[in-house]
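The values are calculated or read from the model by the stated rules, or taken from the named source; none is laboratory data. Computed from a predicted structure; not experimentally measured. Cβ atoms come from the backbone with ideal geometry, glycine included; neighbour counts cover every protein chain shown.
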Amino acid sequence: MMKHRTNWTAAAVCVLTAALAFCISAATKLSLPNAQPSDARSPVLARRKALLERLEKGSPDKLNVPPTDGRLLRILVEAAHAQKALELGSSYGYSALWIGSGLEQTGGHLWTIEIDAGRAKECRENIREAGLEKTVTSIEDDAFKAIPQLAKEGPWDFVFLDAWKSDYKRYLDVLLPQMKAGGVIVAHNTIERAGEMPDYLEAVFNTPALDSVTLSTTEWKCGLTLTYVRKKPSSDK
Ligand SMILES: C[S@@+](CC[C@H](N)C(=O)[O-])C[C@H]1O[C@@H](n2cnc3c(N)ncnc32)[C@H](O)[C@@H]1O
């Protein structure tokens, strides 16, 4: 009788141990990759987070998008599973770090263009510090010169316009033939600086092949206009 009880106890311990092992393994699989202390990339991600925070505290002349706009860019890139992304106006790379973080998840790539040599240099340094040098290519050039040379990397499925505002319509004209049907163009400052881009806003809201909406993630209404390229406007006729 005693022997039977010992056997039952041993069996119960085995079952409980197995159940516990199963629970731990399932919990490990469910936890977020960023939250894993053993994740080999966690020092890189911690460095990237610290860099983003440092850039957020930088002087206003850094011209960064607000953090909530950066987060939205990353969400859009990941949700759309973007593969080929282009940014016009890198400045010091703040928004490129957000877009690049999304592309790191989708396996895509970002080309970001900056005309100012000093900003482009700092952008490259920040991309390296963030561990995104394989995902983001920083180009120092005038976007109007660089875009035709980069056409071979397209078609683009994600474009972020954040260079000088009065140029947006010219960028749209050059980029639309390079867009993938189903791609997205995000333009920044479309509420607070709408007066500098009436031609752009008129085009994205009145071209049948494009579907646009303007939103704001900030109280002071910076404004982002999201344009979904249903099909190439040329095939619209
Ligand atoms: C608002 S800032 C970009 C901020 C950046 N997207 C961020 O959130 O971190 C605009 C940048 O566009 C750059 N820019 C303006 N015209 C350009 C052009 N034709 N080609 C490339 N860059 C340009 C400016 O030098 C400036 O650094």
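Observations
- Filter result for the condition that a residue is outside any loop (DSSP other than H, G, I, E, B), near the ligand (Cβ under 8 Å from one of its atoms), assigned by TED's automatic domain parsing to the domain that holds residue 217 and more than 18 Å from residue 171 (Cα to Cα), over 120, 146, 50, 96: 96
- Residue within region 20-42 that is more than 16 Å from the chain's Cα centre (by Cα), among the charged types (D, E, K, R) and modelled with pLDDT under 50 present: yes
- Residue in region 132-139 that is over 17 Å from the mean Cα position of the chain (by Cα) and exposed (fewer than 14 other Cβ atoms within 10 Å of the Cβ) present: no
- Flag for residue 102 being crowded, with 24+ Cβ neighbours inside 10 Å and within 9 Å of the ligand (Cβ to nearest atom): no
- Looking only at residues of region 179-194 that are surrounded by fewer than 20 Cβ atoms within 10 Å (Cβ to Cβ) and over 21 Å from residue 216 (Cβ atoms), we find that the one that is farthest from the chain's Cα centre (by Cα) is 181.
- Of the criteria (1) more than 26 Å from residue 199 (Cβ to Cβ); (2) away from the ligand (no atom under 11 Å from the Cβ); (3) part of a helix (DSSP H, G or I), which one residue 126 fails: (2)
- Region 109-150, residues that are under 16 Å from residue 164 (Cα atoms) and β-branched (Val, Ile, Thr): 112, 113, 115, 147
- Residue satisfying condition, being within 12 Å of the ligand (Cβ to nearest atom) and either part of a strand (DSSP E or B) or not assigned by TED's automatic domain parsing to the domain that holds residue 225 (or both), within set 138, 91: 138
- The numbered conditions (1) among the hydroxyl-bearing types (Ser, Thr, Tyr); (2) in a strand (DSSP E or B); (3) in contact with a Cys (Cβ under 9 Å, 6 or more places away or on another chain) are all true for residue 190 except (2).
- Single unsatisfied condition, residue 131 versus (1) part of a strand (DSSP E or B); (2) more than 15 Å from the ligand (Cβ to nearest atom): (1)
- Considering only residues in region 149-186 that are in contact with an Asp or Glu (Cβ under 6 Å, 6 or more places away or on another chain) and closer than 17 Å to residue 227 by Cα, the one that is nearest to the ligand (Cβ to nearest atom) turns out to be 160.
- The numbered conditions (1) modelled with pLDDT of 90 or more; (2) within 12 Å of the ligand (Cβ to nearest atom); (3) out of contact with any Lys or Arg (no Cβ under 9 Å at 6 or more places or on another chain); (4) of a type in the set (Gly, Ala, Ser) are all true for residue 80 except (2).
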